[in-house]
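As structure tokens, the structure follows; a few thoughts come after it.
The values are calculated or read from the model by the stated rules, or taken from the named source; none is laboratory data. Remember, predicted model here, so these are calculated numbers, not experimental data. Note: ideal-geometry Cβ built from the backbone for every residue, glycine included; neighbour counts use all protein chains shown.
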Amino acid sequence: MSQNPRARQSLLCKTTGAVFLAEGIFRLEFSWPGPAPGAGQFFMIKPERSSVFLARPVSVAGWKPAESAESAESAGPESPAAAAAGTISFLVAVRGTGTVELAQMKAGDRAKLTGPLGNTWPGVPAKRSGETKPPALVGGGIGVAPLLALARELAGNAAGAEREAPCGFDFFAGFRNGFACDSLLEEAYAARGLVLAFEGGLGGYAPRRRGWAAARAGAAPKRRPGGRLSPSIHRGRILDFVDPADYSVVYACGPEPMLRALTARCRAAAVPCYVSVERRMACGTGACLGCTVETGGGNKRCCADGPVFSGEEIYACTGETASTGGGDK
Ligand SMILES: Cc1cc2nc3c(=O)[nH]c(=O)nc-3n(C[C@H](O)[C@H](O)[C@H](O)COP(=O)(O)OP(=O)(O)OC[C@H]3O[C@@H](n4cnc5c(N)ncnc54)[C@H](O)[C@@H]3O)c2cc1C
Ligand code: FES
């Protein structure tokens, strides 16, 4: 894993307000004048006016640098545009008081953001001679968030992206129910193939944008010339539709049972697997030892040594069998 080469900062940042995406899930964007985050990293976020004591860790789902340094400079040193190095977006699932407060943020409200924190997803393995296998990105529920940032980097859309995937990538996303995935999964549509699985059926899911091919349940993903990708949609758990042997590397984030099962399958297929894991956090910066992850190499801190770990490193010793867990992270 790549350790954080970017110095973190703690800054009071303005939001454009929480945007509802689906039941219990919203997108939050902030102007961020600090260092550019890498895919896999997270921020500790706490609204300026908050009833909770501790900031909450949230993964970077997207990063857009400001249009141009020139336009920022011409706006004058006191203007918000001059300060803005870019916009960070987060996807947040409402859980308790902290995330409810984030969901209630309005345009212009401010929150203290500390970051970028943690490590980044490791790069795609160097292409071996004759190797044509792409990476697979596998997300369960709100666990798709850090994978969307990775998808953006692999597609070469992020500023300074160093790891464009030469043979593209496939994106797998599992949810409990079908809902407005089109607004949630924007970056995933840059994939070579996009597979969606809903444990509770399609629900209200339907791609709504013009220009998208109609997605049929069970149909193979395809891209019309000049058009958007048409996802392959299934009922069931997402791991039922992933074969690690088809990939050079697997990146995953989601519920722990899903990550354990996927690691076991990747081990059987001799494919490297990297997982982003969650622990309750207090400081988020490696100081309090409150976010321990047990690994084959001893205890590590999720916030400072992770949150991305090799699946082998943290699940190898558990002797996990391949259940196909899914659902929300
Ligand atoms: C590195 C990292 C990245 C994360 N990225 C995202 C993200 O992109 N989007 C997102 O919606 N959430 C993300 N989370 C989870 C998010 O931080 C928690 O949901 C949030 O802290 C809950 O705060 P709360 O005050 O709303 O709920 P609380 O009142 O603190 O808790 C509500 C419920 O959620 C459980 N919970 C709280 N924190 C965690 C946690 N860290 N792991 C597992 N269960 C927890 C509690 O046990 C309780 O049952 C991430 C967590 C980590 C550690
Ligand atoms: S949250 Fe304090 S060490 Fe990780």
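Some points to look at:
- Yes/no for residue 194 being modelled with pLDDT of 85 or more and either touching an Asp or Glu at 6+ places or on another chain (Cβ under 7 Å) or part of a strand (DSSP E or B) (or both): yes
Matching residues to (1) surrounded by fewer than 23 Cβ atoms within 10 Å (Cβ to Cβ); (2) at pLDDT 95 or above; (3) under 23 Å from residue 141 (Cβ atoms):
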| position | (1), (2), (3) |
| --- | --- |
| 34 | yes, no, no |
| 43 | no, yes, yes |
| 49 | yes, no, no |
| 70 | yes, no, no |
| 73 | yes, no, no |
| 92 | no, yes, yes |
| 98 | yes, yes, yes |
| 101 | yes, yes, yes |
| 117 | no, yes, yes |
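- Among the residues of the stretch 255-299, those identified as farther than 19 Å from residue 56 by Cβ, among the β-branched types (Val, Ile, Thr) and either away from ligand 1 (no atom under 14 Å from the Cβ) or in contact (Cβ under 8 Å) with a residue 60 or more places away in the chain (or both) are 263, 271, 295.
- Conditions (1) at pLDDT below 90; (2) within 23 Å of residue 58 (Cα to Cα); (3) touching a helix residue (DSSP H, G or I) at 6+ places or on another chain (Cβ under 7 Å); number of the one not met by residue 152: (1)
- Filtered residue count, the stretch 1-55, keeping only those that are part of a strand (DSSP E or B), of a type outside the set (Phe, Trp, Tyr) and without any contact (Cβ under 8 Å) to a residue 60 or more places away in the chain: 2
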